[in-house]
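Values quoted throughout were computed directly from the atomic coordinates according to the rules given, and no laboratory measurement underlies them. Just so it is clear, the structure is predicted and the values come from calculations on it, not from any experiment. Here Cβ is always computed from backbone atoms with ideal geometry, including for glycine, and neighbour counts include all displayed protein chains.
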Amino acid sequence: MTSAPAEGVARTPATPSAPRSRKSVTGTRRTVAALFLLPALVLLGALVVYPIGYSIVRSFYNASGDGFAGIDNYKALFTDDGIRTALKNNIIWVVFAPAVATALGLIFAVLTERVRWGTAFKLVVFMPMAISMLAAGIIFRLVYDQDPDKGVANAVWVGVHDTFAQSSAFPKAHPGRNSPLKPDNGGDQGGFLTTTPVHTGQWVALPLVGVAPDQMPSSAERAVRAKAEPGRITGTTWQDFTRGKGVGRLGAVDPSELGYAGMRVEAVKDGKVVASTKAADDGTFTLPASADGALLRLPAGNFKEPYNGVDWLGPSLVTPAIIGAYVWMWAGFAMVLIAAGLAGVPRELLEAARVDGANEWQVFRRVTVPLLAPVLAVVAVTLMINVLKIFDLVYIIAPGSSQDDANVLALELYRKGFSEGQPGIASAIAVFLLLLVIPVMLFNMRRLRREVRR
């Protein structure tokens, strides 16, 4: 039974509760959150979603955009020679550039942990990241210049080469008019041979022309007519040219003419070298009596063109050269991320491995690298996404003569869309690039989620 309400007690009528506005997890009203997100969503839609959708639609139309092309533009991805070269180069980029940059970053991060100047070294290695791709491309275009006087790479390469194989100082030298020398078309192609045999007790003149005065060896001295010696063959080889009209006599040693210092002279009988010598700084030389009756030869080695280095930007090396420039820029990025991960590695694990008898290489390979695997994966995947979009370095560093050999998909997209007037194929390349990037991004997202769950 229910008791009736007591007399004199006022009953308050029930009123419906006022509707509450729903709030987000952070306590912010969802309408307010949506208003704050709206500008970002508009920009995302205008700058990302709309271009992607338009590119997908445009990839199914012809060059003019008024005719449906179906999948013809996508067929061109695998039939056009330029696109196939670009695809092949992109594979090379994805395989080698992230691997080399990550490996160098790992080595730098581990080695600089134990030196007092490690911070300064890291700063120097990371500094190229502050340079734009455009500036880095210009820098390395100069670094890879073919001329050793301009390109640093060839200057170093030529310097090392010439340390072990000295180049000739007389690459342009050749006999002048009425010279006793003729081209050696026999055993030593490129050299010169006397027309008649020589004999002991006589002086032999071997004049040459064709070397600019400022290109003569620094050790060259004024040429001297050698004195005839009994039982020996003496001679002089010199630059038979005197500046000034009407000055100097052909075939005669004039006071202002320089000797060919270091010129090699050989005595040849029946195709065999019986004696040889090198000219002194004044161009004079002496051969023993065994050279009597021989022909004198200036071998081709005297006139060898100077070594001019490596054609870094030629068709065969242009892609590795540009990858080298990319690694120079991004190895610092890899080093910084790996060093941050290395700082979180428990030191007691490393010390325990050393106490158990592991050497430094074993500690690095079996302890450090496995513990850094998540960081190394982040770096490698980030660089893989980055190299799929590489454009600036290839466009700037590769000269016009070898740009086709260095071509990549992003550069081919630009060329098809703006240089060749084929926006349909360019859109198809853009969609193809997006499809290549999506699996890498999904892999990275899944890996990050697994890390969060741990």
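See the values below:
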{"read-out": "Cut-off under 5 Å, modelled amide H: who pairs with F192 long-range", "value": "D184, L298"}
{"read-out": "When each of K272/K304; K150/K389; K150/K172 is checked by Cα-Cα distance, pairs over 28 Å", "value": "K150/K389"}
{"read-out": "Projected label distance in nm at L37 and R365, using a 7 Å step from Cα toward the beta-carbon", "value": "5.0"}
{"read-out": "Contact order normalised by residue count of the stretch 181-303, Cα under 8 Å, 6+ apart, percent", "value": "32"}
{"read-out": "Local electrostatic count, V273, Cβ distance below 9 Å [Lys/Arg +1, Asp/Glu -1]", "value": "+2"}
{"read-out": "Estimated FRET transfer efficiency when R0 is 25 angstrom, pair V115-Q403 (beta carbons, to 0.05)", "value": "0.05"}
{"read-out": "Gap separating the Cα centres of the stretch 333-395 and the stretch 148-176, nearest whole Å", "value": "42"}
{"read-out": "Length gained when the stretch N185-Q202 is fully extended (0.36 nm per residue, less Cα-Cα span)", "value": "3.5 nm"}
{"read-out": "Axial C-alpha extent at least 30 Å, average Kyte-Doolittle at least -0.5 - helices from the chain (DSSP)", "value": "81-111, 318-343, 423-453"}
{"read-out": "Gain upon complete extension [D81, D356; 0.36 nm per residue less C-alpha separation]", "value": "93.2 nm"}
{"read-out": "Förster radius 51 Å - calculated FRET efficiency between E348 and D149, Cβ distance, rounded to 0.05", "value": "0.35"}
{"read-out": "Mean Cα-pair separation over length for the chain, i.e. relative contact order, pairs under 8 Å, 6 or more apart, %", "value": "22"}
{"read-out": "Label point distance in nm, V437-E229, each placed 7 Å from Cα along Cα→Cβ", "value": "7.8"}
{"read-out": "Selected from I322, A205, L350, residue furthest toward positive end of dipole (the chain; charges at beta carbon)", "value": "L350"}
{"read-out": "Additional length obtainable on full extension of the chain from I52 to I107, 0.36 nm per residue less Cα span", "value": "15.9 nm"}
